[in-house]
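Q: Here it is: the structure, laid out below.
The values are calculated or read from the model by the stated rules, or taken from the named source; none is laboratory data. As the structure is a prediction and not an experimental result, all values here were calculated from the model. Please note: Cβ atoms are built from the backbone with ideal geometry, for glycine as well, and neighbour counts cover all protein chains shown.
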Amino acid sequence: MSSTFPEDGWVRANGLNFHYLDWGGDRTKKPLILMHGIGGHAHQFDELAPRMTDRWHVVALDARGCGDSDWSRAGYSVQAFASDIGAVAQKLGLYPFDYYGHSQGSRIGMALGAYHGRFIDHLVLGDYGPLPDPSPRGRETAAKRLEGSERERPKGFFSRQMAFDWHREGDPAQSDEDIWKLIRNTYRTNWDGILVPKTDPEISWLNGRTALKEGPFLWECVSRISCKTLVLRGENSTVLDRAQAETMVETIPNGNGALGEVPNAGHGLHNENMEGALAIIRDFLDS
């Protein structure tokens, strides 16, 4: 039976405190771990997670430096992210598990499948490969990500209403409910009473130099993945081009790789076409 609201949980692993959302589901069923993209948080799966609890025990995790998990003084390498998931799964008894990682969660999934594949049954890599999309549209997307948005976000807001007004100006079509939810899950109140982002600023390095530096290592990881893997891209993605996705599938050993494409969706996958993404993911996890 699906949960409308998840249960908050915390677990200590690799010297850090991790926050997660437990969406319930029959706990005798296989666990499904969900991992968000760069600078995100577990609540970004609030629409998808309850649609999976009929068949899986669903847990969405805040990565190190994100959401309500601890920031790390040791950094944010993809190896560290993957090690965190393996350690959390062992601490909570969530193995063997299925995994769906979106965006940066896909990069983490490559290292997870290579070094912690013994804990994983099915691995879904959602619209991110070892290297940026080399197409003109992909290069443009990467450049915008490096430069940041045209509207530079203030370092902090003096009130929640100020934060609401800033986000409303940036996206007039978004509902009030969604903006308040974004503010609740994305910001915290600091020592001076200012509303500041929960994400560790050090994570911003993952948008550029660090991601490029990790590319060769991630290709090696793809060649060592030891579990069934779905490389899932959006039909209109400017982040994971089809050629790279196909190469990933060919590189995964023992014919364990498969390619999926969400129609009428870009990088956002389930955020842009929930039903289309769900159908593909569920079909793969059931295989």
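Q: Hey, could you check segment 207-225 for residues that are modelled with pLDDT of 95 or more and over 20 Å from the mean Cα position of the chain (by Cα) and say which is nearest to Gly39 (Cα to Cα)?
A: Among those residues, the one meeting the criterion is Glu220.
Q: Residue check, Ala243 against (1) under 25 Å from Val58 (Cβ atoms); (2) surrounded by fewer than 22 Cβ atoms within 10 Å (Cβ to Cβ), all met but one. Which one?
A: (1)
Q: Is it the case that segment 168-179 has a residue that's closer than 29 Å to Arg209 by Cα, modelled with pLDDT under 95, part of a helix (DSSP H, G or I) and not assigned by TED's automatic domain parsing to the domain that holds Pro31?
A: yes
Q: Please indicate, with yes or no, whether at least one residue in segment 254-268 is in the same structural domain as Tyr128 (by TED's automatic domain parsing), surrounded by 14 or more Cβ atoms within 10 Å (Cβ to Cβ) and part of a helix (DSSP H, G or I).
A: No, segment 254-268 contains no residue that is in the same structural domain as Tyr128 (by TED's automatic domain parsing), surrounded by 14 or more Cβ atoms within 10 Å (Cβ to Cβ) and part of a helix (DSSP H, G or I).
Q: Looking at Asp54, Asp8, which is the one that is out of contact with any strand residue (DSSP E or B) (no Cβ under 9 Å at 6 or more places or on another chain) and either more than 15 Å from Val124 (Cβ to Cβ) or part of a strand (DSSP E or B) (or both)? Talk me through it step by step, then tell me what you get.
A: Working: Asp8 fails: out of contact with any strand residue (DSSP E or B) (no Cβ under 9 Å at 6 or more places or on another chain).
Answer to the check: Asp54.
Q: Against the definition (at pLDDT 95 or above and of a type in the set (Asp, Glu)), how does Asp121 come out, yes or no?
A: yes
Q: Has segment 12-32 got any residue that is among the aliphatic types (A, V, I, L, M) and closer than 20 Å to Leu125 by Cα?
A: Yes, because at least one residue in segment 12-32 is among the aliphatic types (A, V, I, L, M) and closer than 20 Å to Leu125 by Cα.
Q: Kindly provide the set of residues from segment 22-45 that are out of contact with any Gly (no Cβ under 7 Å at 6 or more places or on another chain), part of a loop (DSSP other than H, G, I, E, B) and in contact (Cβ under 8 Å) with a residue 40 or more places away in the chain, ordered by number.
A: Selection gives Lys30, Ile38, Gly39, Gly40.
Let's see how each residue does on (1) assigned to a loop (DSSP other than H, G, I, E, B); (2) outside the structural domain of Ala265 (by TED's automatic domain parsing); (3) hydrophobic (A, V, I, L, M, F, W, C); (4) on the phi < 0 side of the Ramachandran plot:
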position	(1), (2), (3), (4)
Trp205	no, no, yes, yes
Lys213	no, no, no, yes
Leu218	no, no, yes, yes
Cys221	no, no, yes, yes
Ser226	yes, no, no, yes
Leu230	no, no, yes, yes
Leu240	yes, no, yes, yes
Gln244	no, no, no, yes
